[in-house]
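Encoded as structure tokens, the structure appears first; notes follow it.
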Amino acid sequence: MIGHVPAPSGSPYRVAMVCLGNICRSPMAHVVLERQLADAGLAEQVEVTSSGTGSWHLGDPMDQRAAATLRDAGYDPNKHRAAHFDRTWFDRDLILVMDNANLRDVRAQGEGQVRLFRDFDPAGPGEVPDPYYGGAEGFHDVLAMVERTCAELVSQLESVLLHAR
């Protein structure tokens, strides 16, 4: 069963993607969701951000392999700079984490609409595996998960935002 996005708390609707270092999975999801929202005409209605539970990459660009995977698929990864998740991020309407360790780390800091990203994956729930220590294939697998999950998120956001008017 696919999860459902919560109702907006204000405008714009605010979505945060979170992984460990904010250089692979969450920035890939951030870039893809922003593009899909723009393609659906929702760019002005939804704000997307991303961060990591660890701070060691703060201010760094996306991992070169993640960026290359996105570029090869027609996305622009160049604007990303790693950010660190803290309690202030709980003002988002929806916080989507990439794995169970991220879920524990985020929930340990406060309460909010925190869910696993793949709760919205039409192929089924689970974790987004961290491709950092693997090869290029892992980044391609993550991109496939991200694209189909973001498509579902965009569909649900369209519906939720339409009903909020």
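The values are calculated or read from the model by the stated rules, or taken from the named source; none is laboratory data. Here the structure is a predicted model, which means the values were calculated and not measured. Cβ coordinates were reconstructed from backbone atoms using ideal geometry, including for glycine residues, and neighbour counts include every protein chain displayed.
Computed values, structure above
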item	result
Lone qualifier among Pro77, Pro122 - being under 15 Å from the mean Cα position of the chain (by Cα) and either part of a loop (DSSP other than H, G, I, E, B) or not charged (D, E, K, R) (or both)	Pro77
Matching entry among Leu162, Leu143 (being free of Cβ contacts under 8 Å to residues at least 40 places away in the same chain, at negative phi and among the aliphatic types (A, V, I, L, M))	Leu162
Residues that are modelled with pLDDT of 95 or more and either farther than 17 Å from Phe139 by Cα or surrounded by fewer than 24 Cβ atoms within 10 Å (Cβ to Cβ) (or both), drawn from segment 1-31	Pro12, Tyr13, Arg14, Val15, Ala16, Leu20, Gly21
Of all residues making up segment 135-165, the number that are within 22 Å of Gly21 (Cα to Cα) and surrounded by 13 or more Cβ atoms within 10 Å (Cβ to Cβ)	11
Matching option when the condition is closer than 13 Å to Ala16 by Cβ and either at pLDDT 95 or above or of a type outside the set (D, E, K, R) (or both), among Asp63, Asp93	Asp93
Any hit, segment 57-71, residues being closer than 22 Å to Val154 by Cα, surrounded by 17 or more Cβ atoms within 10 Å (Cβ to Cβ) and of a type outside the set (A, V, I, L, M)	yes
Residue within segment 39-46 that is within 23 Å of Pro122 (Cβ to Cβ), charged (D, E, K, R) and surrounded by 18 or more Cβ atoms within 10 Å (Cβ to Cβ) present	no
Those residues of segment 80-111 which are in a helix (DSSP H, G or I), under 25 Å from Ala7 (Cα atoms) and either in contact (Cβ under 8 Å) with a residue 12 or more places away in the chain or charged (D, E, K, R) (or both), in sequence order	Arg87, Trp89, Phe90, Asp91, Asn100, Asn102, Leu103, Arg104, Asp105, Val106, Arg107
Some residue of segment 104-118 being under 20 Å from Glu34 (Cβ atoms) and of a type in the set (D, E, K, R)	yes
Test result for Ser50, of a type in the set (Gly, Ala, Ser) and under 27 Å from Pro8 (Cβ atoms)	yes
Of the criteria (1) closer than 13 Å to Cys24 by Cα; (2) modelled with pLDDT of 95 or more; (3) more than 13 Å from the chain's Cα centre (by Cα); (4) not in a helix (DSSP H, G or I), which one His140 fails	(4)
Selection from segment 93-134 of residues that are among the aliphatic types (A, V, I, L, M) and crowded, with 17+ Cβ neighbours inside 10 Å	Leu94, Ile95, Leu96, Val97, Met98, Leu103, Val106, Val114, Leu116, Val128
So Arg25, is it farther than 21 Å from Asp130 by Cα, basic (Lys, Arg) and touching a residue at least 60 places away in the same chain (Cβ under 8 Å)	no
